[in-house]
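S.K.: What follows is a single structure, and I will ask about it in a moment.
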Amino acid sequence: MHVNDVFKRDSMTFSFEFFPPNSEQAAIALLERIHELEQLGPSFVSVTYGAGGSTRDRTHDLVLEIKRKTSLEPVPHLTCIGQSSDDMSQILHRYAEEGVGNILALRG
């Protein structure tokens with residue numbers, strides 16, 4: 001569901017924001033917490049980028065894990081800093097193929 005539709009449907013919403021983990025062990029622990037938080041029924045969850053896009057790949061991987069393994073609607077942050085138009089196109093195609101329909105586009 002598109003986030004705009006959530007805001008139209010619900011008079012009150014809440015979400016969680018996740019920062020991508022920096023190790024495989026942390027990724028496993030985070031996904032366990034996400035499954036626990038899923039039971040609270042957030043309207044959506046967002047996944048941040050690190051400073052200057054330093055966690056870009058981990059952001060994208062976490063977004064797809066959330067999409068594949070939970071009922072939550074992920075809203076990935078996407079920044080253009082340090083990325084070519086080809087990079088951006090690949091990211092957007094990857095999300096589209098996995099059914100990720102919401103993006104929080106950031107300039108920097």
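S.K.: Quote to one decimal, in nm, the extra length available between Gln83 and Leu104 on full extension: 0.36 nm per residue of separation minus the C-alpha distance between them.
M.R.: Residue separation times 0.36 nm, minus the Cα-Cα distance, leaves 6.0 nm.
S.K.: Return the calculated 222 nm mean residue ellipticity for the chain, to the nearest 500 deg cm²/dmol, obtained by summing -39500 (n - 2.57) across DSSP H runs with n ≥ 4 and dividing by the residue count.
M.R.: Calculated mean residue ellipticity at 222 nm is -14500 deg cm²/dmol.
S.K.: Hey, another quick one. Report the extension gain between Glu65 and Met1 in nm, rounded to one decimal, defined as 0.36 nm multiplied by the number of residues separating them, less their alpha carbon distance.
M.R.: 21.3 nm
S.K.: Could you pull out the chymotrypsin sites (Phe, Trp or Tyr not before Pro) across the stretch 1-74 that fall in loop regions by DSSP (anything but H, G, I, E, B) with no more than 15 other Cβ atoms inside 10 Å?
M.R.: Loop-located and lightly packed - Phe14.
S.K.: Now a separate question. How much length is gained if the chain between Gln90 and Gln25 is pulled fully straight, taking 0.36 nm per residue apart and subtracting their Cα-Cα distance, in nm to one decimal?
M.R.: 20.7 nm
Since every read-out is calculated from the coordinates, none of them should be taken as a lab result. These numbers were taken from a predicted model, which means no experiment stands behind them. Heads up, the Cβs are rebuilt from the backbone with ideal geometry, glycines too, and the neighbour counts pull from every protein chain shown.
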